[in-house]
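Enquirer: Let me give you the structure first, and then I'll get to my questions.
The values are calculated or read from the model by the stated rules, or taken from the named source; none is laboratory data. Note that the structure is predicted; figures quoted are calculated from it, not measured. Glycine also receives a Cβ, built like all others from the backbone with ideal geometry; neighbour counts cover every protein chain displayed. All accessible areas refer to the heavy atoms of the entire protein, side chains included, with ligands and DNA or RNA removed. Shrake-Rupley method; radii C 1.70, N 1.55, O 1.52, S 1.80 Å.
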Amino acid sequence: MEHDAHAEAPPHAVLPPEDATVDDWAREDAEPMPVDSGAAPAEVAAADSAANAPPEPAAEGVKEIESSLQSLELKANVTAQEDAHEVEDEGEETKRHLNVVFIGHVDAGKSTAGGQILFLSGQVDDRTIQKYEKEAKDKSRESWYMAYIMDTNEEERVKGKTVEVGRAHFETEHTRFTILDAPGHKSYVPNMISGASQADIGVLVISARKGEFETGYEKGGQTREHVLLAKTLGVAKLVVVINKMDDPTVKWSKERYDEIEAKMVPFLKSSGYNVKKDVQFLPISGLLGSNMKTRMDKSICNWWDGPCLFEVLDRIEVPLRDPKGPVRMPIIDKYKDMGTVVMGKMESGTIREGDSLLVMPNKSHVKVIGISLDESKVRRAGPAENVRVKLSGIEEEDIMAGFVLSSVANPVGAVTEFNAQLQILELLDNAIFTAGYKAVLHIHSVVEECEIVELIEEIDMKKKKEADPKRKKPKRKPLFVKNGAVVVCRIQVNNLICIEKFSDFPQLGRFTLRTEGKTVAVGKVVEVPPAGSPTF
């Protein structure tokens, strides 16, 4: 085609032979030239104009073809770069990410164990530790210095009690972990719930010290309540660490370790854990760091030849979440920082910079303008990551904890009533569970007052296994139920809340009911109103 163009040119435009070869060579070279081979488009154009020195009309046509070719190449390159970025994004994350919540009775040593993990994994330097040691000594609390790594505010340090859920990060060989240090004191159980609802695995810390295990385990102790809550909130795997084994009352005694294990196993089974598959026991000393990063020295404890804590955490298998599913991110906190920033855990789906999403239940359309994990900025985030997402299109005051960031195509439902299957754990003295019962509902990061409006049916778990589902008789609705009962009921709340059926999204479909500072029931959402309607 180019040669035709030359043939049709008027006779005075015929080029001298050597020039023609130059022109031809330049053109052949310019066509397949990849743009990113160092020559900028402008230079390529300059080279062309030099080659086609005399500006003939025919050469203009050739130039047009070349420039369109170049623009095509540029476009191809841009898409190739984008693809490369995608591939880079895929390749960046080789380590999986897990959230670990530390739970257990007050004073079992959760913050100390958490602090020791950070120290052993190199997240805290010696100088900081020395500073904390001195601070603790000044308060005549020498053994608390490790806990100061996790308990950062003054109130927590003075009382020696965790109040807020502390957050910190560390890495082992194959996994990046976020530690959530939950408060053990019963006044702060709501904070513990918000910590555990973000966790994938739990570390239950039990004190082996004489008398301390007993107070934590007996009725009213937090060890029991925390285990039940952890199970309900979706902590599938539990590592039970028996701490303070170095204590003078214990001295790494195998008898004490076995006694605690023997008491805990039946209880863990009754809470719904499969002890063989989902629970692992091990002895540690949080204060000295024994059996945490490296295996135990036989000189300290000759009967333990199992793994250390880091090994156990690194090897735990957790169910994978769907990165291609609809986006679901319950918001746990928000703040202003040159835009509106929301914090939460990605429960499903993947978000990227530039994505358009919905904030439910108020249906605000927002755009993602920045994503950060831990402290580093990233271009995308997948399931199970704790993220901070900067949004445009919404003001900080229009967001509340419990709202959910979700995909536009498949938004999360917003309802004021739902059907749930509840297990009644322990009602307050002389309370009966009937229609009209009021409690506080904790579901993912939502805390909302609720009322039981109707009991639909009581389920007999023993008969359920034997009964033939086809021959099911319609049951009379119960008027009330007692402790230990399993019941399907309808629950109503005053404000719109974002929830999903447990079978579709377990993380957004399990909840606890609390009243007057006690957990009275745990349950799962079995039915929600039809899409787009808040009620049945």
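Enquirer: Can you find a residue that is basic (Lys, Arg), closer than 15 Å to GLN507 by Cα and open to solvent by 10 Å² or more (accessible area, probe 1.4 Å) anywhere in segment 224-232? Before the answer, list the steps.
Expert: In the first step, residues of segment 224-232 are kept if they are basic (Lys, Arg); the result is 224, 231.
Subsequent filtering for residues that are closer than 15 Å to GLN507 by Cα retains 231.
Checking the rest, the ones that are also open to solvent by 10 Å² or more (accessible area, probe 1.4 Å) come to 231.
Yes; the residues of segment 224-232 include at least one that is basic (Lys, Arg), closer than 15 Å to GLN507 by Cα and open to solvent by 10 Å² or more (accessible area, probe 1.4 Å).
Enquirer: Given the structure, is GLU454 of a type in the set (Asp, Glu) and either within 28 Å of the chain's Cα centre (by Cα) or crowded, with 17+ Cβ neighbours inside 10 Å (or both)?
Expert: It is false that GLU454 is of a type in the set (Asp, Glu) and either within 28 Å of the chain's Cα centre (by Cα) or crowded, with 17+ Cβ neighbours inside 10 Å (or both).
Enquirer: Restricting to segment 375-417, count the residues that are among the charged types (D, E, K, R) and closer than 27 Å to PHE511 by Cα.
Expert: Final tally of qualifying residues: 6.
Enquirer: Take the residues in segment 314-347 that are at pLDDT below 90 and among the hydrophobic types (A, V, I, L, M, F, W, C); name whichever of them is farthest from LYS277 (Cα to Cα).
Expert: Ranking the qualifying residues of segment 314-347, first place goes to MET338.
Enquirer: Filter segment 516-536 down to the residues that are among the β-branched types (Val, Ile, Thr) and within 30 Å of THR223 (Cα to Cα), then identify the one that is surrounded by the fewest Cβ atoms within 10 Å (Cβ to Cβ).
Expert: VAL526
Enquirer: Of all the residues that make up segment 109-149, how many are acidic (Asp, Glu) and modelled with pLDDT under 80?
Expert: Summing the residues that are acidic (Asp, Glu) and modelled with pLDDT under 80 in segment 109-149 gives 1.
Enquirer: Condition first: at pLDDT below 90, surrounded by 13 or more Cβ atoms within 10 Å (Cβ to Cβ), closer than 20 Å to LEU233 by Cα and not acidic (Asp, Glu). Can you find one or more residues in segment 272-287 that meet it?
Expert: Checking segment 272-287: at least one residue is at pLDDT below 90, surrounded by 13 or more Cβ atoms within 10 Å (Cβ to Cβ), closer than 20 Å to LEU233 by Cα and not acidic (Asp, Glu).
Enquirer: Given the structure, is VAL106 modelled with pLDDT under 80 and crowded, with 16+ Cβ neighbours inside 10 Å? Step through it out loud before you land on a result.
Expert: On the way: modelled with pLDDT under 80: yes; crowded, with 16+ Cβ neighbours inside 10 Å: yes.
When the stated conditions are applied, VAL106 passes them.
Enquirer: Considering segment 248-258 alone, what residues qualify as being open to solvent by 20 Å² or more (accessible area, probe 1.4 Å) and not in a helix (DSSP H, G or I)?
Expert: Passing the criteria: PRO248, THR249, LYS251, TRP252, SER253.
Enquirer: Here is a follow-up. From the set of residues in segment 381-435 that are open to solvent by 20 Å² or more (accessible area, probe 1.4 Å) and among the β-branched types (Val, Ile, Thr), which is farthest from ILE452 (Cα to Cα)?
Expert: Within segment 381-435, the match that is farthest from ILE452 (Cα to Cα) is VAL408.
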